[in-house]
Amino acid sequence: FSLCYGCGKCIIACPTNVFVTFTDETKRLVVDPLNDSECILCLICEIVCPVEAISIKSECGSEDTLNSLLHGSG
């Protein structure tokens, strides 16, 4: 949360609506992956974040998913 400034690019990019905005205790707008159970590990949020506030832990399938998105499936 310390790097996030609430630009919302991850919200727009996420195909499964993982992220929501909220105002933290210092009245700063930030984005929270509140619905992280809906994440499909596509890594789009990590790619579009301008301040690298999002870091997806590598799990099975994420590399294949990213390659499929970048290069097509066939």
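Between Ile47 and Glu25, what length in nm is gained on full extension when 0.36 nm per residue of separation is reduced by their alpha carbon distance?
Details: separation 22, 0.36 × 22 = 7.92 nm, distance 2.73 nm.
Contour length minus Cα-Cα distance gives 5.2 nm.
Could I get the Rg over Rh figure for the stretch 1-60? Both from C-alpha atoms, Rh via Kirkwood, rounded to two places.
Ratio of gyration radius to Kirkwood radius: 0.95.
Sticking with the crude label model, points 7 Å out along Cα→Cβ, report the distance from Ile11 to Asn35 in nm, one decimal please. Taking the simple label geometry, Ile11 and Asn35 are separated by 1.2 nm. Quick one: net charge around Leu3, please, counting Lys, Arg +1 and Asp, Glu -1 for every other residue with C-beta under 14 Å from its C-beta. That sum, taken over residues with Cβ under 14 Å, equals -2.
Only the coordinates and a few stated rules stand behind these numbers; no lab work does. Since the structure is predicted, the reported quantities are computational estimates derived from the model, not experimental observations. Don't worry about glycine lacking a Cβ; one is built from the backbone with ideal geometry, like all the others, and counts go over all protein chains shown.
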